[in-house]
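One structure below.
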Amino acid sequence: MDDMQKDDLQKTVIGILTGKAGLPPGPVTPEATLTEAGVDSMAVAVLAMVIEDEYGLVITEADLSANSTVADLAALIGRHLAAKA
């Protein structure tokens with residue numbers, strides 16, 4: 001995945017977390033840990049549903065929760081997209 005795709009995925013994940021999961025945008029940065037960003041189980045559930053709806057990817061909430069930062073979440077989704085292509 002090139003840097004532009006990586007940046008786009010990070011922006012997408014941040015957009016989902018702040019727009020659809022209702023997290024405040026300030027702490028949701030690529031470098032933030034999930035805890036620092038305020039990502040809780042409800043936010044992970046929303047993220048999983050949106051990723052499935054928009055990208056046709058089924059990523060379990062456990063897999064999403066296992067990532068340590070917002071950037072790691074985006075990278076996980078990118079790997080799933082690449083495997084699907």
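Where a number appears in this text, it was derived from the coordinates with a stated rule and is not lab data. Please read these numbers as outputs of a predicted model, since none were measured by experiment. Cβ sites come from the backbone with ideal geometry, for glycine too, and all protein chains shown count toward neighbours.
Taking residue 59 and the conditions (1) touching a His at 6+ places or on another chain (Cβ under 8 Å); (2) in a helix (DSSP H, G or I), which numbered condition does it fall short on, given that it satisfies the others?
In the conditions (1) touching a His at 6+ places or on another chain (Cβ under 8 Å); (2) in a helix (DSSP H, G or I), residue 59 misses (2) alone.
Every residue, every condition in (1) surrounded by 15 or more Cβ atoms within 10 Å (Cβ to Cβ); (2) touching a helix residue (DSSP H, G or I) at 6+ places or on another chain (Cβ under 8 Å), yes or no:
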| site | (1), (2) |
| --- | --- |
| 3 | no, no |
| 36 | no, no |
| 43 | yes, yes |
| 53 | no, no |
| 56 | no, yes |
| 76 | yes, yes |
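Among the residues of the stretch 30-58, which ones are among the β-branched types (Val, Ile, Thr), in contact with an Asp or Glu (Cβ under 8 Å, 6 or more places away or on another chain) and in contact (Cβ under 8 Å) with a residue 12 or more places away in the chain?
44
In the stretch 6-29, how many residues are part of a loop (DSSP other than H, G, I, E, B) and closer than 17 Å to residue 81 by Cβ? Walk me through how you get there before you give the answer.
Filtering the stretch 6-29 for residues part of a loop (DSSP other than H, G, I, E, B) gives 21-29.
From the residues that got through so far, the ones that are closer than 17 Å to residue 81 by Cβ too are none.
Qualifying residue count for the region: 0.
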